[in-house]
1. When you look at residue 99, is it farther than 17 Å from residue 44 by Cβ and in contact (Cβ under 8 Å) with a residue 12 or more places away in the chain, yes or no?
2. If a residue has to be closer than 22 Å to residue 158 by Cβ and either without any contact (Cβ under 8 Å) to a residue 12 or more places away in the chain or surrounded by 19 or more Cβ atoms within 10 Å (Cβ to Cβ) (or both) to count, how many in segment 55-65 make the cut?
3. Please find, among 102, 126, the residue that is modelled with pLDDT under 95, surrounded by 21 or more Cβ atoms within 10 Å (Cβ to Cβ), within 19 Å of residue 34 (Cα to Cα) and touching a strand residue (DSSP E or B) at 6+ places or on another chain (Cβ under 8 Å).
4. Can you name the residue in segment 70-90 that is loosely packed, with under 13 Cβ neighbours inside 10 Å and free of Cβ contacts under 8 Å to residues at least 60 places away in the same chain and, of all such residues, is nearest to residue 160 (Cα to Cα)?
5. Out of segment 16-46, which residues are assigned to a strand (DSSP E or B) and either surrounded by fewer than 24 Cβ atoms within 10 Å (Cβ to Cβ) or modelled with pLDDT under 95 (or both)?
6. Inside segment 47-160, counting only helices (runs of 4 or more DSSP H) that do not spill past its ends, which hold 2 or more residues that are farther than 15 Å from residue 20 by Cβ?
7. Determine whether segment 18-26 contains at least one residue that is touching a strand residue (DSSP E or B) at 6+ places or on another chain (Cβ under 6 Å) and at positive phi.
8. Among the residues of segment 141-152, is there at least one that is surrounded by 19 or more Cβ atoms within 10 Å (Cβ to Cβ) and either touching a strand residue (DSSP E or B) at 6+ places or on another chain (Cβ under 8 Å) or in contact (Cβ under 8 Å) with a residue 24 or more places away in the chain (or both)?
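The values are calculated or read from the model by the stated rules, or taken from the named source; none is laboratory data. Please read these numbers as outputs of a predicted model, since none were measured by experiment. Note: ideal-geometry Cβ built from the backbone for every residue, glycine included; neighbour counts use all protein chains shown.
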């Protein structure tokens with residue numbers, strides 16, 4: 001990707017733990033990502049290292065073939081970004097991809113101390129999946145991001 005996109009609340013990063021939980025567990029992680037899958041005007045932002053981390057989790061809990069198939073599918077869905085080796089994959093994806101939202105299960109990212117520290121350096125909100133699904137309101141966001149009246153979901157979350 002050349003150039004950094006303008007930050008947008010419709011651009012979202014899901015940390016590796018959330019991506020793996022979406023596939024393997026469902027629950028809050030699936031609810032959060034289904035919101036993105038249901039709206040073509042929202043974007044999942046992820047670097048290759050972020051997808052590699054998630055695929056490693058999936059492979060360690062299931063098998064390498066499932067992890068490989070899953071990674072290929074999610075790679076086709078996401079907006080790919082690059083970042084420096086050694087950067088935190090989710091935070092670096094947000095920074096380089098203009099994502100204003102990060103979904104994570106990592107308490108070092110979702111806690112109040114982390115939020116205060118991030119706010120000074122990056123216009124990003126980090127939430128656990130259930131909190132994200134509760135506050136991310138496509139109907140309210142659509143007029144600001146796209147313009148006009150919200151038409152409702154325009155994709156099937158299971159057909160991605």
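1. Taking the combined requirement at face value, the residue does not satisfy it.
2. Matching residues across segment 55-65 total 3.
3. One residue alone meets the criteria, 126.
4. Initially, segment 70-90 is screened for residues loosely packed, with under 13 Cβ neighbours inside 10 Å, giving 72-73, 76, 84-86.
With the extra rule that they be free of Cβ contacts under 8 Å to residues at least 60 places away in the same chain, the set shrinks to 72, 76, 84-86.
Working: 72: 12, 76: 9, 84: 29, 85: 29, 86: 30 Å.
Checked segment 70-90; the qualifying residue nearest to residue 160 (Cα to Cα) is 76.
5. Residues of segment 16-46 that are assigned to a strand (DSSP E or B), as a first pass: 43-46.
Of everything in segment 16-46, those that are assigned to a strand (DSSP E or B) and either surrounded by fewer than 24 Cβ atoms within 10 Å (Cβ to Cβ) or modelled with pLDDT under 95 (or both) turn out to be 43, 44.
6. Per the criteria, 64-77, 89-97, 107-110, 112-119, 129-135, 138-145.
7. The answer is no, given that none of the residues of segment 18-26 is touching a strand residue (DSSP E or B) at 6+ places or on another chain (Cβ under 6 Å) and at positive phi.
8. yes
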